[in-house]
Amino acid sequence: MKNLDQIRQKYVEQYRRKLGKDRIVVGLGTCGIAAGGNKVLQAIKEEVASRGLDVEIDFTSCIGMCYCEPVVEIALAGAPSVIYGNIIPDKVAKLIESHIVNKTPVYEWAAIQIPGEAAPYEGISVMEKFPYYEKQVRSVTSRLGRTNPESIVDYIATGGYEGIEKALQTDKQAIIDEIKKSGLRGRGGGGFPTGTKWQFVYDAQDDKKYAVCNADEGDPGAFMDRSVLEGDPHSVLEGMMIAGYAIGADEGYIYCRAEYPLAIRRLNLAIAQAEEHGLLGDNILDSGFSFRIKIKAGAGAFVCGEETALLNSIEGERGMPRVRPPFPANKGLWQKPTVLNNVETYANVPFIIRYGGDWYAKMGTETSKGSKVFCLTGKVNNTGLMEVPMGITLRDIIFSIGGGIQGGKEFKAVQSGGPSGGCIPAEHLDTPIDYDSLTALGAIMGSGGLVVMDETTCMVDVAKFFLNFTQNESCGKCTPCREGTKRMLEILQRICEGEGELEDLDTLERLCKVIKNSALCGLGQTCPNPIATTLKYFRSEYEAHIIDKRCPAGVCTALKVYTILEDKCTGCGACARNCPTGAITGAKKEPHVIDTEKCIKCGTCIPKCKFDAITTA
Amino acid sequence: MSSCTCGGQVEAKKEAALQKLFDRYRDYKGGLIPILQEAQNIYGYLPKDVLRRIAKELRIPLSKVYGVCTFYAQFHLKPRGRNIVRVCLGTACHVRGGSKILEAAKEHLGIDNGETTEDLKYTLETVACIGACGLSSCMMVNDDTHGRLVPEQVGKILDSYE
């Protein structure tokens, strides 16, 4: 068998040469681009050209600090990398003048530094000590924000494709045993042991098998898979190759949602590069193993994240789930044995093969090993992507890493696992997170989206939001999901309109149980979770809507009553001048009042009031 | 009024592209969805005649083609605007006021969610998450993602598209 030694040596040198120069690197994940990263890159190019500087300009993906995008990294040869946050084009000239020309970082804009072997700058937090990163580990995400995702040179120079090289010289069963030993469980939400899944497909007798990657990350509030695909596409390919070799497949599919155009572009590029290097195609590295990967772009159906619906969609059918058994391990894609894992699961595989299952199993809890990538969003100060060891508490994630709640407001709940997950209240913030503890709380690990909610979020409205989503996305194949979600949504709408009755809550609870027990696929079986958990932990809010006809968070429009707090109102008149219906009256410098008959609850007055004197609760 | 004469050429070009597409996917397993996606790229939507052609070329019933394209949100049976505006109403955007962004877009374009402006310049849609939650509220115009939006910015962003 051929090995990659020669090419690796060449690429390591090339990579080191790049790192040995003065460098400016811009974060260009979807988030960085959305925040204006391309404009920053353009401004940097122009500034560097106009000054005639000899600087390497490169780009990378998302380092995870979405809250301070666009992110720019500057490193002088032999000095620490400094990562700057919130860099807009107007800041570029000063940044280059100071850091590149005068060799002095702009301390006030610096977020963190990564010293490597150099002596750190005084006055800038070192990454490992910075609150956002202190409790994180970086394994699957180790290349995110650090290497150029469109360069196979960077990937191979940082240990890439060592996993497949090693795997090709290992017995297939031994690879599966190593994955079992690692304790890796499916990162797409279900948490099924990956090694066991591979074993089923390995044991299935057939002339054709498939390895499929589920990149149909549809949960609102989740972007882990997008970040991995955009930031380290080769790692997913390598994981799939190892899986393909171990189970005896020669073909793989990545089913990626069409809403991720950049991920699809980078995957296509990575596949082309791997083919050029003889890492995909026939007789890989002269080992006799052949493997090809194709990308299928989704067409906008959330249910296709369900494994059997996904297989139907690849086959060109309506993406409706199949009845199981038979399971995909026996009859999957085109009725052939198929291993189906999600992006993050595959991305973990090369690391496990390189460093061993024992290494991986050292991290995590008794039943959930390794690390998990989460996306923290919602009403939290530091939104972004993070990788943490299993077993960390939600409090650590939200308050240590996430920096607490925006605007100093009160934490109310965190929603884990998207439309299939649940809302976890403050009293459970200290639960160590793993697959089993979250399930015990009525939520699920899900793919890893965590949406933080504060006192201004209405939990009934949140339940309605999720149900509206699943109701829209229900494929209609089975009655409990098709009809049940509709009935539950109608009840929630009634409650939010102030027309609910207490019996509705019992009906909701009963419907939750029935749908959970009788729906055909994961989408239906888990869609009651947001309702069941909010009913369990926030029942008083439902009751306030029903009995008092009041929305405590002041969200549900029909129940809003706009009033002016007498003690806060200064009588400036700003609200009255802007009220479209003239519902606000009052003498100058005297507290104003709102005529609820005239008020149309449009909300115009609230942002106009500088004294927070208008409430809706 | 002079009448436009390029129509025939444009149609012929589209027809050629469609034919190429069939040749490429004829022996491709599970080709229906990629064909629909690319046909939609050619025509901007999926006209009835094109669906008929696809059914004939792939030797499958028209009902099946119709069934697949009505199942997926991405396929459109009516003409669409040159610029597709997708306001995100995912969880993170929901709790950070995504609906106000939608309101601003509706007002600016004078159309409702799911509609196309008369000049075929814009189509307004909502999406249940574009995965840029760290920058919520956000919206996509074509392939560009705009993040950290407040309603006041929406008009200016939309006007920047031709």
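The values are calculated or read from the model by the stated rules, or taken from the named source; none is laboratory data. Because the structure is predicted, anything quoted here is derived from the model rather than measured. Note that we place each Cβ from the backbone using ideal geometry, even for glycine, and neighbour counts take in every protein chain shown.
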Selected residue (criterion: surrounded by the fewest Cβ atoms within 10 Å (Cβ to Cβ)) from residues of region B:78-107 that are away from chain A (no Cβ under 12 Å) and under 18 Å from A:ASN472 (Cβ atoms): B:LEU102
Scope region A:178-212; condition closer than 29 Å to A:ASN3 by Cβ, part of a helix (DSSP H, G or I) and in contact (Cβ under 8 Å) with a residue 40 or more places away in the chain; matching residues: A:GLU178, A:ILE179, A:LYS180, A:LYS181, A:SER182, A:THR194, A:TRP198, A:VAL201, A:TYR202
Subset of region A:558-577 [farther than 26 Å from A:HIS545 by Cα and surrounded by fewer than 14 Cβ atoms within 10 Å (Cβ to Cβ)]: A:ASP567, A:LYS568, A:ARG577
Selection within region A:498-532 - within 17 Å of A:CYS423 (Cα to Cα) and of a type in the set (Asp, Glu): A:GLU509
Subset of region B:115-135 (residues that are modelled with pLDDT of 90 or more and either of a type in the set (Gly, Ala, Ser) or assigned to a loop (DSSP other than H, G, I, E, B) (or both)): B:GLU115, B:THR117, B:GLU118, B:ASP119, B:LEU120, B:LYS121
Qualifying residues in region A:259-283 (those that are of a type in the set (A, V, I, L, M) and surrounded by fewer than 18 Cβ atoms within 10 Å (Cβ to Cβ)) - the one farthest from the other protein chains (Cβ to nearest Cβ): A:ALA272
Matching entry among A:TYR435, A:TYR346, A:TYR355 (being assigned by TED's automatic domain parsing to the domain that holds A:PRO220 and under 17 Å from the mean Cα position of the chain (by Cα)): A:TYR346
Every residue from region A:32-70 that is within 20 Å of the chain's Cα centre (by Cα) and away from chain B (no Cβ under 14 Å): A:THR60
Candidate set from region B:28-55 (those that are within 13 Å of another protein chain (Cβ to nearest Cβ) and not in a helix (DSSP H, G or I)); member that is nearest to B:THR116 (Cα to Cα): B:LEU46
Any hit, region A:220-232, residues being closer than 28 Å to A:VAL414 by Cβ, more than 14 Å from chain B (Cβ to nearest Cβ) and in contact with a helix residue (DSSP H, G or I) (Cβ under 9 Å, 6 or more places away or on another chain): yes
Lone unmet requirement of (1) surrounded by fewer than 24 Cβ atoms within 10 Å (Cβ to Cβ); (2) in contact (Cβ under 8 Å) with a residue 60 or more places away in the chain; (3) among the small types (Gly, Ala, Ser) for A:ALA443: (1)
Candidates A:GLU117, A:GLU108, A:GLU97 - the one that is in a loop (DSSP other than H, G, I, E, B) and either free of Cβ contacts under 8 Å to residues at least 60 places away in the same chain or β-branched (Val, Ile, Thr) (or both): A:GLU117
Residue list for region A:579-610, restricted to those being more than 36 Å from the chain's Cα centre (by Cα), surrounded by fewer than 15 Cβ atoms within 10 Å (Cβ to Cβ) and either among the polar types (S, T, N, Q) or more than 30 Å from A:GLU499 (Cα to Cα) (or both): A:THR581, A:THR585, A:ALA587, A:LYS588, A:LYS589, A:GLU590, A:THR596
Lone qualifier among A:GLU509, A:GLU503 - being free of Cβ contacts under 8 Å to residues at least 12 places away in the same chain and outside the structural domain of A:GLY384 (by TED's automatic domain parsing): A:GLU503
Failed condition for A:CYS256, given (1) over 24 Å from A:ALA204 (Cβ atoms); (2) buried (at least 18 other Cβ atoms within 10 Å of the Cβ); (3) free of Cβ contacts under 8 Å to residues at least 24 places away in the same chain: (3)
In region A:382-435, the residues that are in contact with a Phe, Trp or Tyr (Cβ under 7 Å, 6 or more places away or on another chain) and free of Cβ contacts under 8 Å to residues at least 40 places away in the same chain: A:ALA426
Residues of region B:129-142 satisfying the condition of being at the interface with chain A (Cβ under 7 Å from one of its Cβ atoms) and surrounded by fewer than 24 Cβ atoms within 10 Å (Cβ to Cβ): none
Spans of helices (runs of 4 or more DSSP H) in region A:1-82 with at least 1 residues crowded, with 24+ Cβ neighbours inside 10 Å: A:30-34, A:37-51
Filter result for the condition that a residue is β-branched (Val, Ile, Thr), in contact with a helix residue (DSSP H, G or I) (Cβ under 7 Å, 6 or more places away or on another chain) and within 25 Å of A:THR377 (Cα to Cα), over B:THR126, B:THR117: B:THR126
Residues (in contact with a Ser or Thr (Cβ under 6 Å, 6 or more places away or on another chain) and away from chain B (no Cβ under 12 Å)) located in region A:284-322: A:PRO321, A:ARG322
Which numbered condition B:ILE111 fails, given (1) more than 12 Å from chain A (Cβ to nearest Cβ); (2) aliphatic (A, V, I, L, M); (3) touching a helix residue (DSSP H, G or I) at 6+ places or on another chain (Cβ under 6 Å); (4) closer than 30 Å to A:CYS458 by Cβ: (3)
